[in-house]
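Q: Take a look at the following structure, please.
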Amino acid sequence: MSFEGKRLVVVGGSAGIGRQLAVDARAAGAEVIRAGRNPARLAEPGVRTAFADLAEESSLKALAEAVGEIDFLVTLAAAPANGPVATLERDAVARAFDAKVVGPLMLAKHFAPRFRDGGAMVLFSGVAAWRPVPGRAVMATTNGAVAFLAEALAVELAPVRVNAISPGIVDSGAWDRLGEAKAEFFRRTAEANPARRVGRPADVSAAALHLLANPFVTGSVLHVDGGGRLA
């Protein structure tokens, strides 16, 4: 795919998928701006950085004003609020919705008039919405809400296209916290997945670039999960 002359804003995702997307988009010719709460962590050769906090609308308004016209916008931040419902704290739940739902909605608000012809947004959902498990009620709900938000924005912002990606288990660095248990977790996941492996950041990046480039896809959720939601 050629993204020559296109301007892409990537919000969130300081490592893993976010970094891979920035690198791949730039290699395809795009001008890339990575935005997040810690711009220093987003630094990449040839990539601009900016501040954005999905829980603070004023920062999103400032980002839109500073960036100006764009072609593409991808938001992939997350703030998981995991644990049994009985132990959940309201502030943590609110942060989870800010990252996945309210923040992206405010991004749409401030960037909508700045999209050039052929513009597109990609939101990030997740397999938890289709495979809820105990202790992941907030994750399942926020990811499910993203799928409906993509449909609603696709209608309201048309002709700007809006889609969502639902990744499965991806070796993005997020699972490194498992330590030595990570290898066994990935082995069991790969064994259960119809694709018989876990995902890689490049798998998800390629899917995001496809959704940005394809002019006839909008209001859709692309499942990049190796069939994990079916396992």
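Q: At 222 nm, what value in deg cm²/dmol follows for the chain if DSSP H runs of at least 4 each add -39500 (n - 2.57) and the sum is divided by all its residues, to the nearest 500?
A: Value at 222 nm, helices only: -11500 deg cm²/dmol.
Q: Any chance you could check the Cα centroid distance between the range 20-39 and the range 127-144 for me, in angstrom?
A: 28 Å
Q: Also, I was wondering about something else. List the equivalent ellipsoid semi-axes of the range 128-212 in whole Å, largest first, each obtained as the square root of 5λ for an eigenvalue λ of the Cα gyration tensor. Walk me through the intermediate numbers first.
A: Working: eigenvalues 157, 55, 22 Å².
They are 28, 17, 11 Å, listed largest first.
Q: Across the range 174-180, in residue order, what do the Karplus-derived ³J(HN,Hα) couplings come to in whole Hz, using 6.51 cos²θ - 1.76 cosθ + 1.60 with θ = phi - 60° and x for Gly and Pro?
A: 5, 8, 4, 4, 6, x, 5
Q: OK, next. Ignoring any ligand, DNA or RNA, what whole percent of the accessible area of the chain comes from carbon and sulfur when the probe is 1.4 angstrom? Please report the intermediate quantities before stating the final value.
A: Values: 6060 of 11130 Å².
Carbon plus sulfur share of accessible area: 54 percent.
Q: Taking the range 103-189, which GluC sites (Glu not before Pro) meet the DSSP loop condition and have no more than 15 other C-beta atoms within 10 Å?
A: On the way: sites: GLU151, GLU156, GLU180, GLU184; in loops: GLU180.
Passing sites in the range 103-189 are GLU180.
Q: Oh, and also: Would you mind putting 161-168, 75-82 in packing order, based on average other-beta-carbon counts within 10 Å, highest first?
A: 161-168, 75-82
Q: Using a cut-off of 12 Å between beta-carbons, work out the net charge of the residues near GLY168 (Lys and Arg +1, Asp and Glu -1, GLY168 not included).
A: +1
Q: Tell me the per residue accessible area of the chain using a 1.4 Å probe; a whole number in Å² is fine.
A: With the other protein chains kept in place, the chain gives 48 Å² per residue.
Q: How high is the relative contact order of the range 72-231, in percent, with contacts defined as C-alpha pairs under 8 Å that are six or more residues apart?
A: 25 percent
Q: If the chain between ALA15 and LYS61 were fully stretched, how many nm would it gain, using 0.36 nm times the residue separation less the Cα-Cα distance?
A: 14.2 nm
Q: Suppose every Lys and Arg Cβ carries +1 and every Asp and Glu Cβ carries -1, with no other charges. What dipole size does the chain come out with about its Cα centre, to the nearest 20 debye?
A: Result for the chain is approximately 340 debye, rounded to the nearest 20.
Q: Now a separate question. List the GluC sites (Glu not before Pro) within the range 1-67 that DSSP assigns to loop and that have no more than 12 neighbouring Cβ atoms inside 10 Å.
A: Counting only loop positions with at most 12 other Cβ atoms within 10 Å, the GluC sites (Glu not before Pro) in the range 1-67 are GLU4.
Q: Right, something else. Suppose we look only past 15 Å in the calculated P(r) of the range 10-53. What percent of the Cα-Cα pairs does that tail hold?
A: Summing the P(r) of the range 10-53 above 15 Å gives 27 percent of all pairs.
Q: While we're here: Which of the lysines could be linked to LYS182 by a straight reach, that is with a Cα gap under 28 Å, when you skip same-chain ones fewer than 8 residues away?
A: LYS100
Q: Given N residues in the chain, what is its alpha carbon radius of gyration divided by 2.2 N^0.38 Å?
A: Details: Rg = 16.9 Å, N = 231, 2.2 N^0.38 = 17.4 Å.
Against the compact-globule rule of thumb, the ratio is 0.97.
Q: If you take every residue apart from GLN20 with its C-beta less than 10 Å away from the C-beta of GLN20, what net charge results, scoring Lys and Arg +1 and Asp and Glu -1? Don't skip to the answer; put the middle values down first.
A: On the way: positive: ARG19, ARG200; negative: ASP24, ASP203.
That sum, taken over residues with Cβ under 10 Å, equals 0.
Q: Further question on the same structure: So who's got an amide H within less than 5 Å of the one on THR49, skipping anything under 5 residues away but keeping other chains? H placed 1.01 Å off N, in plane.
A: ARG34
Q: I would also like to ask the following. Treating cross-link reach as a plain straight distance, find the aspartates and glutamates whose alpha-carbon is under 18 Å from the alpha-carbon of LYS61, omitting any fewer than eight places away in the same chain.
A: Result set, ordered by chain and number: ASP53, GLU69, ASP71, ASP98.
Q: Follow-up question, since we're still on this one. Name the long-range amide H neighbours of ILE169: under 5 Å, sequence gap of 5 or more, or other chain; modelled H, no Pro or chain starts.
A: Residues meeting the amide H criterion: GLY199.
Q: To continue, here is another question. With a length cut of 24 Å (Cα positions projected on each helix's long axis) and a Kyte-Doolittle mean of at least 0.5, go through the chain and give me the DSSP H helices that pass.
A: Numbers: long enough: 137-156 (28 Å, 1.26).
What comes out of the filter, once short or polar helices are dropped, is 137-156.
Q: Residues with amide H under 5 Å of ARG136's amide H, sequence separation 5 or more or different chain, H placed in the peptide plane at 1.01 Å from N; which?
A: Here GLY83 satisfy the definition.
Q: How far is it, in nm, from the label point at ALA94 to the one at ARG197 when both lie 7 Å from their Cα along the line to the Cβ?
A: In this crude spin-label approximation the distance works out to 4.4 nm.
The values are calculated or read from the model by the stated rules, or taken from the named source; none is laboratory data. Just so we're clear, the structure is a prediction, and the values are computed from it rather than from any experiment. For neighbour counting, all protein chains shown are included, and Cβ atoms are generated from backbone atoms with ideal geometry for every residue, glycine included. The accessibility values were calculated without ligands, DNA or RNA, using every heavy atom of the protein model including side chains. Shrake-Rupley method; radii C 1.70, N 1.55, O 1.52, S 1.80 Å.
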